[in-house]
Amino acid sequence: MKARDNGIKRILKAFKYSFDGFKAVFKSEAAFRQDFLFCIVCGVGCCLLPMTNFTRAFLCFALFLILFMELINTAIEVIIDRIGEEYHPLSKKAKDIGSLLVLMAFVHFFVAAAILLF
């Protein structure tokens, strides 16, 4: 599918598609909503706690990483479900790896927070 638009029109359409993706995942994925709320709360905490700007930026990036991994995990699950609902070991493996991405992002955040704040 070739894009027909160029320049600013293409950029504006890309923003619209991104916003559509955000609305879709927020509406349909409880895990994303929970992760999003966690990141908002922790992000506010990062802004309120006394710390260096580097520490604040590092922890905020670690929070964004959680959301990035949750989006990748959701995309993997949607693609697997699009292929078919029947059980297949490779489908399970793909979904489990996507879940591991999210877990690793949370571990990264908690380890970074522990090291930088304590």
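At 222 nm, what helix-only mean residue ellipticity would the chain give, in deg cm²/dmol to the nearest 500, using -39500 (n - 2.57) for each DSSP H run of four or more?
Dividing the helical sum by the residues of the chain leaves -30500 deg cm²/dmol.
Over the chain, with a Gaussian network built from C-alpha contacts below 10 Å, which listed residue (G84, G43, G21) shows the highest mean-square fluctuation?
Ranking G84, G43, G21 by mean-square fluctuation puts G84 first.
Taking θ = phi - 60°, what integer Hz values does the Karplus form 6.51 cos²θ - 1.76 cosθ + 1.60 yield along the stretch 84-89, in sequence order, with x for Gly and Pro?
Running phi through 6.51 cos²θ - 1.76 cosθ + 1.60 with θ = phi - 60° gives x, 7, 5, 5, 8, x Hz.
Can you pull out the GluC sites (Glu not before Pro) in the stretch 1-101 whose DSSP state is coil and whose Cβ has at most 12 other Cβ atoms within 10 Å?
Counting only loop positions with at most 12 other Cβ atoms within 10 Å, the GluC sites (Glu not before Pro) in the stretch 1-101 are E85, E86.
Pick out which of L71, L48, L101 has the largest mean-square fluctuation in a Gaussian network model of the chain, springs linking Cα atoms closer than 10 Å.
Maximum fluctuation in the GNM of the chain, among the listed residues, is at L48.
Karplus couplings for the stretch 107-114 from phi (6.51 cos²θ - 1.76 cosθ + 1.60, θ = phi - 60°), rounded to Hz, Gly and Pro as x?
Result, rounded to whole Hz: 4, 4, 4, 5, 5, 4, 4, 4.
Mind listing the Cα extents of the stretch 30-117 along all three principal axes, in Å, largest one first?
Result, largest extent first: 51, 21, 14 Å.
Quick one: Karplus J couplings for the stretch 20-34, per residue in order, coefficients 6.51, -1.76, 1.60, θ = phi - 60°, nearest Hz, x for Gly and Pro?
4, x, 4, 4, 5, 6, 5, 6, 9, 10, 4, 4, 5, 4, 5
Can you put S28, S99 in order of Cβ neighbours within 10 angstrom, beginning with the fewest?
S28, S99
Within the chain, which is the longest segment containing none of the trypsin sites (Lys or Arg not before Pro) that sit in a DSSP loop and have at most 14 other Cβ atoms within 10 Å?
That gives 5-118 as the longest site-free run.
Since every read-out is calculated from the coordinates, none of them should be taken as a lab result. For clarity, every value in this text was computed on a predicted model and none was experimentally measured. Because the Cβ atoms are built from the backbone with ideal geometry, glycine has one as well, and the counts that use them run over all protein chains shown.
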